[in-house]
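See structure below.
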Amino acid sequence: MKKPVLALAWLVLAAIGVVGVYQRLTTGHELAAYGSYIPWGLWVASYIYFIGLSAGAFLLSAVVYIGQVKLLKPLGPLALFTALCTLIMALVSIWFDLGHMFRAWEVMLRPNFRSMMAWMVWLYTAYFGLLTVETVLAMVEPTRPWVKLSGPRGAIARALTRIPVPTAQVWVRRLALIGVPLAIAFHGGVGALFGTVGAQPFWHSSLVPILFLTGALVSGAALLLAIYWLVWPKRDEQFKATTRLLSQILLGLLCFDIILEWAEFSIPLWNSNSQEVAVFAAITTGPYWWNFWIVHLLLGTLIPLGLLLTQRKRPAALALAGALIALTFLSVRLNIVIPPLTFPQIQGLQEAYVSPHLQFNYLPSSFEWMIVAFVVALGSAVFAIGTAVLPLLPSTDPGDGDVAKEARHV
Amino acid sequence: MNRTDANIGENILERMRADLKRALDKPVEDRRWAMAIDLEKCVGCNACTVSCIAENALPPGVVYRPVTEEVVGEYPHARLRWLPRPCMQCEEPPCVNVCPVSATWRRPDGIVVIDYDACIGCRYCIVSCPYQARTFDFGEEHTDLSAHPGQPYEIHRPAFENGVERQRIPHSDKSPVGNARKCTYCVNRLEAGMLPSCTNTCIGGATYFGDLSDSHALIAELAGSPRVMHLKEELGTSPRTFYLS
C-alpha cells in the first residue's frame, strides 16, 4: 500500500480516536455499553489482546537473543520494539477502562498482594522497565555506524556511545534470560486474574493461565510474521527462509493452541448441567455465533492453518496467515471476557431492577471502538517513528541506501 | 423456631431496636451483624429497594437491594416467590481479596465497606462477587438537569454511606462516580442506633437484623431455625445474610 494512503488512513483513525478520548475525559464511562452486570467489555478484551501480542513478541525475541538462532537474529530489535509498542497499547487500553484513571498509581503505593490484579500490575511494570532497557541496549551495536549522521538517528547513536558494545551485548542476553520467566509470570498472571475468579465457572480453570500463554505466543508470532513481511525491505533468499522458519514456529504453536482450546471446551461438555456448557452454547449459538465460527474458527484458525500447511514457499501467503491470526485473535479475547458475564448469578436479577447499565447483553458502543481506534493509532504511530529512527530494519544500515550516502557526505 | 414464634406478642421492630442498642454498647469487634430474610413473608413490594435508594441517594443503575421475582409451579397452582438480595456481607468475601489497592475490606463487625477515595474503579470486585451485589456508578442522574436547573433536593442531596457525609456530583469524575458501590447494612444508621433502612421499611416484617453474638437477639434465635438457607453455600463465602425458606 502506498504511503499517502496509509497516512490518510492513520489520520482518519487518529481523528476518530481523539474524539473518543475527548468523550472519555468529559463523560467518563456514561457512553459505554457495558454496565454493572457485564462490567468488563471491549477495553478489557483489547487489553488482554495487546498484552498477549506483547508477551508473544517478547518471548520470540528471547529465542533470538538466548537461543542465538542465526536466521532470526536480524529480527531481534524488531521483535523487541513490537513488544514495546503493543505493551504501550495494552496499558493505554486498560488505563481508559479504569473508573478513576488518575488513581492507577495507587496500585504501586498500596498494593494488595492477595489480588492477582496487583501482581499483574507489578509484574508488567517490571516487564515494561526490562523491555525498555533491553530495547535500548539492543540498539547500541546497530546504531554505532550512525554516530556521524545528522538528525535524530545521529543523536540517538551518539547518546548510545556511552554504552560499550560488548557490555550491551552481554546485558541484552541477560535481560532476555530474566525476561522469559517475567513474561511468563506476567502473562500467566493475566490468565490467573481470570482463573482465580471462583464466581465465574468458565474462567475458574487451571488451564486458563496456560491458555493465555499459548494464545500470547500464537498471536505474537503471527503478528511478527505479518509485520516482518510488511516492513522488511530485503526480499532475498534469507527473507524467504526466515519467513518459512517463522511460519513453522507459528504452525507448531497454533496446533498446540487448538489442542488446548479443545481441552478447555470439551471437558465441561461432559457435564451437561454446568454453567460452562451454557457459556459454550452462548459462544457457539448465541447472537454472536459468527464471532466464534467465522472470525475465530474460519478466518483465524482454519484458513491460516491451510495456508501454513500448503503455501510454504509463498511468503505473502504465510504472512497473510499471520495477519489473519493476529487480527482475529481479538475475537478469542472477546469470547473469554464477555460470554461468561452474560449469565445472571442469581436468576431473576435481569428483571429485578431495570436500567441501561444493568443488562445481560452487550455489544460495544461506537464510543468504545473510538478508544480502540485511538490505541491503534497511537501504537502504529510509535511503531512508524521507531522504524524511521531506530535500526530495526536492514535498510537503515549505513552499508546501503540513502543512509550510507548521508553518512559519506557527513 | 418457626415463622410465627418470632411474632407472637411482640413488635419485632421494637425488639430488634433493643437488640441493636445492646449491641452498640459492646466494642465493635464483639458485634457480628447479620440479616435474615423470611421468604415466606416477603410480598415483593420493593419497599426495601426504594427505601435503600432514598437512604443512600442512589443514582440510576446503582442498586443495593433488588428483589427478584420467580414463578413457582404451573397454573392453576402457580405462585410467585420473591428474593430480596442485599450484600451477603460474606465472612470470606471474594470481593475483598481481589481488590488490587485494598480499597474494600471487612470491618471487625463483619460489614464489608469500600473506601470510595481509594477505589480505582477497575471493577474486579464486581465480576468476583457471586451474588452480583456490587454495582458501578456511571455518573448518571435521575433528572435531566440540562433541561432545567433542578430543585435543591435534587442537586444538593448528601448521602452518609460508611458514616461519611458525601455530596455526589453527577457526570463528574468525583467519587463515588467511577467507583464500585455496595450495601453496607446502612452502617451509618447502625452507628446512630437505627436499623438498616430496608429492615425498617419492610411492610411484611420479612427482614430481620441484629447481632449474632448476642444469644438473646432475635437474629440469633432465627439463625438456629431449620429453615435457614444461605445463597451459594458451596462457594464457601459464609454469608452473614441468610434466608428463611
Express the C-alpha Rg of chain B as a ratio against the empirical globular expectation 2.2 N^0.38 Å, rounded to two decimals. 1.03
Need one value for A:219-232: mean number of C-beta atoms belonging to other chains within 10 Å of its residues' C-beta atoms. 0
Which of the chymotrypsin sites (Phe, Trp or Tyr not before Pro) found in region A:300-391 are in a DSSP loop and have at most 16 neighbouring Cβ atoms, other than their own, within 10 Å? A:Phe360
Quick one: 3J(HN,Hα) in Hz for region B:160-175, Karplus 6.51/-1.76/1.60 with θ = phi - 60°, rounded, Gly and Pro as x. 10, 4, 6, x, 10, 6, 9, 9, 7, 10, x, 6, 10, 10, 8, 4
Where only C-alpha atoms are counted, convex hull volume of the protein assembly as shown per residue in Å³: 182
Expressed as a whole number, the average count of other chain Cβ atoms within 10 Å around the Cβ atoms of A:24-30 is 5
Rough spin-label spacing in nm, given labels placed 7 Å along Cα→Cβ, for A:Lys148 and A:Leu177: 3.8
Magnitude of the Cβ-charge dipole (Lys and Arg +1, Asp and Glu -1) of region A:105-163 about the Cα centre, nearest 20 debye, reported as 240
Which is farthest toward the positive dipole end of region A:11-409 among A:Ala155, A:Leu318, A:Thr86, measuring Cα position about the Cα centre, with Cβ charges +1 (Lys, Arg) and -1 (Asp, Glu)? A:Ala155
For region A:191-206, in residue order, the Karplus 3J(HN,Hα) values (coefficients 6.51, -1.76, 1.60; θ = phi - 60°; whole Hz; Gly and Pro = x) are x, 5, 4, 7, x, 8, 7, x, 6, 10, x, 5, 8, 6, 9, 5
Taking a probe of 1.4 Å and leaving out DNA, RNA and ligands, the protein assembly as shown shows per residue an accessible area in Å² of 42
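Once you charge only the Cβ atoms, +1 for Lys and Arg and -1 for Asp and Glu, what is the size of the charge dipole of chain A about its Cα centre, to the nearest 20 debye?
With Lys and Arg at +1 and Asp and Glu at -1, about 1500 debye.
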Mind telling me which of A:Asn361, A:Asn291, A:Asn112 comes out most flexible in a GNM of chain A, alpha-carbon contacts under 10 Å? A:Asn112
Cut-off under 21 Å on the C-alpha distance; same-chain residues fewer than 8 positions from B:Lys182 excluded. Which lysines are left, in chain and number order? B:Lys174, B:Lys232
What are the residues whose amide H is under 5 Å from the amide H of B:Trp33, where those residues sit 5 or more places off or on another chain and H is modelled from the backbone? B:Leu212
Give me a comma-separated list of calculated 3J(HN,Hα) values for region A:101-112, in order, Karplus coefficients 6.51, -1.76, 1.60 applied at θ = phi - 60°, integers in Hz, x for any Gly or Pro. 4, 8, 9, 4, 5, 4, 5, 7, 7, 9, x, 10
Average partner chain C-beta neighbours within 10 Å, per residue of B:67-78? 2
Report the relative contact order of chain A, percent, no decimals, based on alpha-carbon pairs under 8 angstrom and at least 6 residues apart. 30
Ignoring ligands, DNA and RNA, how much accessible area is buried between chains A and B, both sides summed, with a 1.4 Å probe, to the nearest 100 Å²? 3800
Gain in span if fully extended, A:Leu299 to A:Trp270, counting 0.36 nm per residue against the direct Cα distance: 7.6 nm
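When the accessible area of the protein assembly as shown is split by element with a 1.4 Å probe, what percent falls to carbon and sulfur?
65
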Distance from region A:38-108 to region A:288-365 (C-alpha centre basis), Å: 19
Where does region A:47-147 land on Rg(C-alpha)/(2.2 N^0.38 Å)? 1.25
Those trypsin sites (Lys or Arg not before Pro) in region A:1-99 that DSSP places in a loop and that have at most 13 other beta carbons within 10 Å: A:Lys2
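List the trypsin sites (Lys or Arg not before Pro) within region A:121-205 that fall in a DSSP loop (any state other than H, G, I, E or B) and whose Cβ has at most 10 other Cβ atoms within 10 Å.
A:Arg162
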Candidate lysines for bridging to A:Lys148, where Cα separation is under 27 Å - those fewer than 8 sequence places away on the same chain excluded: A:Lys73, A:Lys234, A:Lys405
Semi-axes of region A:118-275's equivalent ellipsoid from the Cα gyration tensor, sqrt of 5 times each eigenvalue, largest first, rounded to whole Å? 39, 22, 11
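The values are calculated or read from the model by the stated rules, or taken from the named source; none is laboratory data. Remember, it's a predicted structure, so these values are computed and weren't measured experimentally. Counting neighbours? That spans all protein chains shown, and the Cβs are built from the backbone with ideal geometry, glycine included. Remember, those area values only see protein heavy atoms, side chains included, never the ligands or the DNA or RNA. Shrake-Rupley method; radii C 1.70, N 1.55, O 1.52, S 1.80 Å.
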